[in-house]
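The next block holds one structure in the form of C-alpha coordinates; read it before the comments.
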(Lines give C-alpha, C1' and ligand atoms only; values in the text may rest on other atoms or scores of the structure.)
Protein backbone atom coordinates (compact mmCIF):
# COMPACT_ATOMS: atom_id res chain seq x y z
CA UNK A 1 0.00 0.00 0.00
CA UNK A 2 1.11 3.56 -0.72
CA UNK A 3 0.00 6.73 1.05
CA UNK A 4 0.11 10.26 -0.27
CA UNK A 5 0.64 12.41 2.80
CA UNK A 6 -0.17 16.10 2.52
CA UNK A 7 0.35 18.73 5.21
CA UNK A 8 -0.59 22.37 4.98
CA UNK A 9 -1.65 25.45 6.84
CA UNK A 10 -5.22 26.55 6.20
CA UNK A 11 -7.18 29.75 6.74
CA UNK A 12 -10.40 28.21 8.06
CA UNK A 13 -11.18 24.53 8.62
CA UNK A 14 -14.83 24.82 7.53
CA UNK A 15 -13.89 26.48 4.23
CA UNK A 16 -11.10 23.97 3.66
CA UNK A 17 -13.32 20.96 4.50
CA UNK A 18 -16.05 22.15 2.13
CA UNK A 19 -13.47 22.37 -0.68
CA UNK A 20 -12.07 18.93 0.24
CA UNK A 21 -15.55 17.41 0.23
CA UNK A 22 -16.22 18.83 -3.27
CA UNK A 23 -13.49 16.42 -4.36
CA UNK A 24 -12.17 18.33 -7.40
CA UNK A 25 -9.73 15.51 -8.25
CA UNK A 26 -12.27 12.66 -7.97
CA UNK A 27 -10.40 10.68 -5.34
CA UNK A 28 -12.15 7.35 -5.89
CA UNK A 29 -11.60 7.44 -9.67
CA UNK A 30 -7.95 8.33 -8.95
CA UNK A 31 -7.49 5.12 -6.98
CA UNK A 32 -7.88 6.38 -3.41
CA UNK A 33 -9.01 3.45 -1.28
CA UNK A 34 -9.21 5.34 2.04
CA UNK A 35 -8.40 8.73 3.47
CA UNK A 36 -7.74 10.29 6.87
CA UNK A 37 -7.76 13.93 7.95
CA UNK A 38 -5.92 14.94 11.12
CA UNK A 39 -5.19 18.22 12.88
CA UNK A 40 -2.66 18.93 15.59
CA UNK A 41 -4.44 19.43 18.92
CA UNK A 42 -2.61 22.73 19.43
CA UNK A 43 -3.01 24.10 15.88
CA UNK A 44 -6.54 23.97 14.41
CA UNK A 45 -5.37 25.80 11.27
CA UNK A 46 -3.10 22.99 10.10
CA UNK A 47 -4.21 19.76 8.44
CA UNK A 48 -2.58 16.48 7.63
CA UNK A 49 -4.28 14.37 4.96
CA UNK A 50 -3.41 10.77 4.15
CA UNK A 51 -4.72 9.22 0.94
CA UNK A 52 -4.20 5.47 0.49
CA UNK A 53 -3.58 3.72 -2.85
CA UNK A 54 -2.81 0.22 -4.07
CA UNK A 55 -0.16 1.44 -6.54
CA UNK A 56 2.58 4.04 -6.29
CA UNK A 57 1.78 5.41 -9.74
CA UNK A 58 -1.75 6.27 -8.61
CA UNK A 59 -0.37 8.35 -5.73
CA UNK A 60 2.11 10.10 -8.02
CA UNK A 61 -0.60 10.86 -10.58
CA UNK A 62 -2.98 12.31 -7.98
CA UNK A 63 -0.19 14.45 -6.53
CA UNK A 64 0.61 15.81 -10.01
CA UNK A 65 -3.10 16.51 -10.55
CA UNK A 66 -3.34 18.38 -7.24
CA UNK A 67 -0.25 20.44 -8.06
CA UNK A 68 -1.43 21.33 -11.56
CA UNK A 69 -5.18 21.80 -11.13
CA UNK A 70 -6.01 22.50 -7.51
CA UNK A 71 -3.30 24.11 -5.40
CA UNK A 72 -2.51 26.80 -7.97
CA UNK A 73 -6.15 27.60 -8.70
CA UNK A 74 -8.63 30.15 -7.44
CA UNK A 75 -10.44 27.20 -5.79
CA UNK A 76 -7.64 26.78 -3.26
CA UNK A 77 -7.03 30.46 -2.56
CA UNK A 78 -9.73 30.90 0.12
CA UNK A 79 -8.68 27.77 2.00
CA UNK A 80 -4.89 27.37 1.84
CA UNK A 81 -1.98 29.34 3.25
CA UNK A 82 1.36 28.67 1.62
CA UNK A 83 2.59 25.60 -0.17
CA UNK A 84 1.69 22.09 1.01
CA UNK A 85 4.34 19.63 2.17
CA UNK A 86 3.91 16.26 0.46
CA UNK A 87 5.47 12.83 0.48
CA UNK A 88 4.57 9.38 -0.79
CA UNK A 89 4.95 6.63 1.78
CA UNK A 90 5.13 2.88 1.29
CA UNK A 91 3.78 0.60 4.01
CA UNK A 92 6.75 -1.29 5.43
CA UNK A 93 4.93 -4.06 7.27
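The values are calculated or read from the model by the stated rules, or taken from the named source; none is laboratory data. Here the structure is a predicted model, which is why all the values come from computation and not from measurement. Note: ideal-geometry Cβ built from the backbone for every residue, glycine included; neighbour counts use all protein chains shown.
Selection within region 6-24: residues that are in contact with a strand residue (DSSP E or B) (Cβ under 7 Å, 6 or more places away or on another chain) and surrounded by fewer than 16 Cβ atoms within 10 Å (Cβ to Cβ). The member of this set that is farthest from residue 54 (Cα to Cα) is 11.
Of the residues 90, 54, the single one that is surrounded by fewer than 17 Cβ atoms within 10 Å (Cβ to Cβ) and touching a helix residue (DSSP H, G or I) at 6+ places or on another chain (Cβ under 8 Å) is 90. With respect to the conditions (1) at pLDDT 95 or above; (2) out of contact with any strand residue (DSSP E or B) (no Cβ under 7 Å at 6 or more places or on another chain), residue 70 lacks only one, and its number is (1).
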